[in-house]
Amino acid sequence: MLKKRPIIIDTDPGIDDALAIAIALFSGELDVRLITTVAGNVSIEKVTRNALRLLSFFGKEVPVAMGARKPLIGPLVDASDIHGASGMEGFDFPEPREDLLLQENAVNAMRRVIMASEEPITLVPIGPLTNIALLLSMYPEVSEHIREIVMMGGSVTRGNKGVMSEFNIATDPEAAKIVFDSGIPIVVATLDVGLKALVMPEDTQKLPDLGQVGQMAHCLFRKYRGGSFNTGLKMYDSCAIAYLLAPTLFETVDTFVDVELAGSLTKGCTVVDLKNYMKQPANAKVCVDIDGEAFRRWFLESVGKCI
Ligand code: BDR
Ligand code: CA
């Protein structure tokens, strides 16, 4: 029998987060030991409620721990303009599974799960990196028990929050800097690949026939303004899960990544040093391209494995 890879998903659901979580939970290859929430797309109360509503709908029992309610330094500037007021607008979810919410906060819960694991855990942050930065700052001993961090965030080229900055990094640049400086192996599913990981209208039409999660996706996508329904919806967060399950979809480069903290126009930009101007050793494996057609097939197949 296939040994499942243990992961912790740190998330701010979020419509694309919802699909990423579904695919991870139903893949059969990942052992989701914990879901932690972080303020990002909407407030910490809303993203936590959304995580519990998703688990209720999926019929899955994964503990959830609530994390940071704001970035390390700045205020939270959310993305409710894209994900709707609740963060998962457009589908009638069942009541949240409040019983799955731990009393422990996200940082302590991550530490406990990591240290108790018989094999190193993979962290999968698909929101701002606030919780991960706090974890590494408070409990540095976890580092050697983390296999790698496979994140969605950052950009090689341009941004979607600022001209040069991607939402997850721009929301908490100081946290991102701590994570990139950590020395832990990092895989970055960038905005660049997210922009090519599109669910096209003809794919969306097929979703309702794929089951309950497909029906959920179809409803959420009608409300999701992160990309146009007609020109393709961008499945950013599913790229991190796709890297875990189907890494050959991606072209990657091992390189040095830093985060701009001071630039008045570029704060929150990931500086991806592809030409090694800074003469630094690589600290990340950066996804620079994706086979978009193969991703579409993978996405539909993955949603088809869900309920
Ligand atoms: C990221 O920003 C959020 O709005 C999405 O959920 C994704 O994690 C894309 O830039
Ligand atoms: Ca997200």
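The values are calculated or read from the model by the stated rules, or taken from the named source; none is laboratory data. All figures in this text were calculated on a predicted structure; none of them were measured in a lab. Glycine also receives a Cβ, built like all others from the backbone with ideal geometry; neighbour counts cover every protein chain displayed.
Things worth noting here:
- Selection count where residues are crowded, with 18+ Cβ neighbours inside 10 Å and on the phi < 0 side of the Ramachandran plot, scope the range 149-161: 9
- Residue check for residue 257: over 20 Å from residue 41 (Cα atoms) and under 19 Å from the mean Cα position of the chain (by Cα): yes
- Any hit, the range 166-178, residues being within 15 Å of residue 8 (Cα to Cα) and either among the hydroxyl-bearing types (Ser, Thr, Tyr) or outside any helix (DSSP H, G or I) (or both): no
- Count of residues meeting criterion [over 27 Å from residue 21 (Cα atoms), in contact with an Asp or Glu (Cβ under 8 Å, 6 or more places away or on another chain) and not small (Gly, Ala, Ser)] in the range 257-307: 8
- Every pair of residues 6+ apart whose Cβ atoms lie under 7 Å, when the first sits in the range 153-168 and is free of Cβ contacts under 8 Å to residues at least 60 places away in the same chain while the second is within 15 Å of ligand 2 (Cβ to nearest atom) and in a loop (DSSP other than H, G, I, E, B): 160/166
- Contacts under 7 angstrom Cβ, first residue in the range 95-112 being part of a loop (DSSP other than H, G, I, E, B), partner buried (at least 16 other Cβ atoms within 10 Å of the Cβ), 6 or more apart: 95/56; 96/49; 96/52; 96/53; 96/56; 97/52; 97/55; 97/56
- Number of positions in the range 145-162 that are within 14 Å of ligand 1 (Cβ to nearest atom) and over 19 Å from residue 273 (Cβ atoms): 5
- Scanning the range 187-231 for residues that are surrounded by fewer than 20 Cβ atoms within 10 Å (Cβ to Cβ) and closer than 27 Å to residue 256 by Cα gives 195, 196.
- Residue 250 being within 18 Å of the chain's Cα centre (by Cα) and either within 21 Å of residue 184 (Cβ to Cβ) or at pLDDT 95 or above (or both): yes
- Unmet requirement for residue 182, which otherwise passes all of (1) within 26 Å of residue 141 (Cβ to Cβ); (2) outside any helix (DSSP H, G or I); (3) within 16 Å of ligand 2 (Cβ to nearest atom): (3)
- Qualifying residue in the range 54-68 (condition: in contact (Cβ under 8 Å) with a residue 60 or more places away in the chain, crowded, with 24+ Cβ neighbours inside 10 Å and out of contact with any strand residue (DSSP E or B) (no Cβ under 7 Å at 6 or more places or on another chain)): yes
- In the range 115-132, residue surrounded by the fewest Cβ atoms within 10 Å (Cβ to Cβ) [restricted to those that are within 23 Å of residue 238 (Cα to Cα) and more than 16 Å from ligand 1 (Cβ to nearest atom)]: 120
- Members of the range 36-66 found to be assigned to a helix (DSSP H, G or I) and within 15 Å of ligand 2 (Cβ to nearest atom), listed by number: 44, 46, 47, 48, 50, 51, 54
- Total residues in the range 1-35, condition within 14 Å of ligand 2 (Cβ to nearest atom) and either part of a helix (DSSP H, G or I) or over 23 Å from residue 224 (Cα atoms) (or both): 10
- Among the residues making up the range 199-232, those that are in contact (Cβ under 8 Å) with a residue 40 or more places away in the chain and outside any helix (DSSP H, G or I) are 199, 200, 211, 224, 225, 226.
- Residues being in contact with a helix residue (DSSP H, G or I) (Cβ under 7 Å, 6 or more places away or on another chain) and either in a loop (DSSP other than H, G, I, E, B) or not aromatic (Phe, Trp, Tyr) (or both) - total across the range 240-259: 8
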